[in-house]
1. For Ile46, Ile122, Ile164, which order do you get if you count the other beta carbons within 10 Å of each Cβ and list the fewest first?
2. Which of Ala16, Val65, Ala26 sits farthest toward the positive end of the charge dipole of region 7-89, with +1 on the Cβ of Lys and Arg and -1 on the Cβ of Asp and Glu?
3. Quote to one decimal, in nm, the extra length available between Ala21 and Glu195 on full extension: 0.36 nm per residue of separation minus the C-alpha distance between them.
4. Work out how far the C-alpha atoms of the chain reach from end to end along every principal axis, then list the three figures in whole Å, largest first.
5. Calculated FRET efficiency, Asp275 and Glu216, Cβ-Cβ r, R0 45 Å, to nearest 0.05?
6. Cross-link list Lys455/Lys586; Lys248/Lys390; Lys257/Lys390; Lys341/Lys528; Lys211/Lys318; Lys257/Lys442: which exceed 21 angstrom alpha carbon to alpha carbon?
7. Going by how many other beta carbons lie within 10 Å of each one, how would you line up Val11, Val416, fewest first?
8. Enumerate the whole-percent occupancy of each 5 Å bin, from 0 to the last occupied one, for all C-alpha pair distances of region 86-160.
Amino acid sequence: MASVTSLSDNVQQHLASALSATLPEAAGADPLLRRSDRADFQANGILALAKKAKANPRELAAQVVSQVVTGDVIEDVEVSGPGFLNITIADKAITGNLAARYADETGRLGVPYAEQPGTTVIDYAQPNVAKEMHVGHLRSAVIGDSVVQLLEFTGENVVRRHHIGDWGTQFGMLIQYLDEHPHELDHKDARVTGEEAMSNLDRLYKAARNKFDSDEEFKTRARRRVVDLQAGDEHTLAMWQRFVDESKIYFFSVFEKLDMEIRDADIVGESGYNDMLAETCRLLEESGVAVRSEGALCVFFDDIKGPDGNPVPLIVQKSDGGYGYAATDLSAIRDRVFNLKANTLLYVVDARQALHFRMVFETARRAGWLNDDVTAVQLAFGTVLGKDGKPFKTREGETVRLVDLLDEAIDRASAVVREKAQDLSEEEIAERGAQVGIGAVKYADLSTSANRDYKFDLDQMVSLNGDTSVYLQYAYARIQSILRKAGEVSPAAHPELALADAERALGLHLDSFAETVREAAAEYAPHKLAAYLYQVASLYTTFYDKCPVLRAETPAQVENRLFLCDVTARTLHRGMALLGIRTPEKL
Ligand code: ARG
């Protein structure tokens, strides 16, 4: 199935040819088309063109109008205000275009693939080994997963990288402790749950920390372990691997609860770049990008200074020879650019790491690893706040465990589902509860633009009214129920039928799905898709209130309305999937 030209692209073409027929020098000019309350579309570009050509804008607009071909697509066009064009789309074009999207068997709704896809390496969902996941990790995972879906849908070649924190001095302490208490990570059962794995790690972490803080000799042994680990000592590495493996059991259980596919092969943590670190430093030092300062290898920036006015460098290698977070990230850039052949490096990471990435990216540019053709972007996200507007913490002031939050969301959602459920079994309620609860958490995160903070408010998130995933899921389920009730009667497009206002509004909005996806993918902005889908559901609600479907006046109208219902459902289903959210058939 070929892609379907959207009505707005189509109108754009009509206007562009009318413009160049009127004013040859205006060929290629943008008519500045947008959706409008007063007409289906409004074009505002003539004002600027008239100014340039020293013409009267209303007269120029009138000339353009006389050149516009009306009929199949544009029903009517008239001049309004100082020289705007108000455009009305023919009903048959609205229905006809939706019918073309509907006929797309691939389920893409006629959305085209990018003409020149590139390769994007996306760094997201990067928890830390031997540590509990918290709300910050939720955002990276949820936003990252949606951006992956959006980019892949547009045809981009996407490489996923989960840059987990699996390296660092804290492993000296952990490994040493495990070596002295070798059975601490043993399992009774072959099947270990994520909860068990995390509680093992947590217990071990606390015990090791205690010993480290209270026992000087242990501290010395732990420090020696760090050296062994960095030197690649086999036994030490094997112990370290046990921590990584135990943590992965936990990570995978959380990602499964999040209903998110994370592949083992895409987990390339900090340790994955170990054998590149020395060379990264050598390249930076030889090219003069980094310099030795008090023994450390540093990169300086004119515009980055600390509170005391002194420059703050990016430290690539510490004076004791150790490598840190920056060296790893710089090596990862080399890997992603030269081995994975990325054009774009995308980092879905907390805004509080913005300075780190600014320095890392600028260093990579100076080294020539990044340039105009290979760029890096941090998709920085804001903080999750509690209801009090402060960073989300437990009553005791501790960071909230992600699993606890998810479980609570699922509980609340299950209660909502149970209350509304008509013919659902207990098992179905549990399954839908999880889909609704996880959807609610994801949607709340994705419906505000990533860089903003948002309040984690479960009451609001599982509300049936308002801008929530539950509202969208109910709209979808309601449509499915209508389609089931229709029984023998199948949805079918009837472009010859005149449309009611609510049908036109819904139809026109459904038609702009492709543009929305294109924009959301290009700007890494899932919130634009979320806003679009909410609008779909709202327009559907109005349509449903105003236009009887199964009891419409004629059989053709019943079919056409069922068809509108089905296109709406497919759009919701596809759009929600791009946000990583399920749309249950029954709720
Ligand atoms: N593990 C880090 C954290 O929990 C995030 C890693 C971000 N990615 C990167 N390439 N530095 O904060």
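All of the numbers you see were taken from the coordinates with simple rules; none came from a lab. All values derive from a computational prediction rather than experimental measurement. Glycine also receives a Cβ, built like all others from the backbone with ideal geometry; neighbour counts cover every protein chain displayed.
1. On the way: Ile46 31, Ile122 26, Ile164 22.
In increasing order of surrounding Cβ atoms, one gets Ile164, Ile122, Ile46.
2. Positive-end residue among those listed: Ala26.
3. 55.7 nm
4. Projected onto the principal axes, the Cα atoms of the chain cover 88, 65, 44 Å.
5. Numbers: r = 33 Å, r/R0 = 0.74.
Efficiency, from the Cβ-Cβ distance: 0.85.
6. Numbers: Lys455/Lys586 29 Å; Lys248/Lys390 31 Å; Lys257/Lys390 26 Å; Lys341/Lys528 29 Å; Lys211/Lys318 26 Å; Lys257/Lys442 12 Å.
Table pairs above 21 Å Cα-Cα are Lys455/Lys586; Lys248/Lys390; Lys257/Lys390; Lys341/Lys528; Lys211/Lys318.
7. On the way: Val11 23, Val416 20.
Starting with the residue having the fewest Cβ neighbours, the order is Val416, Val11.
8. Result returned by the calculation: 3, 13, 14, 13, 13, 12, 11, 8, 6, 3, 2, 1, 0.
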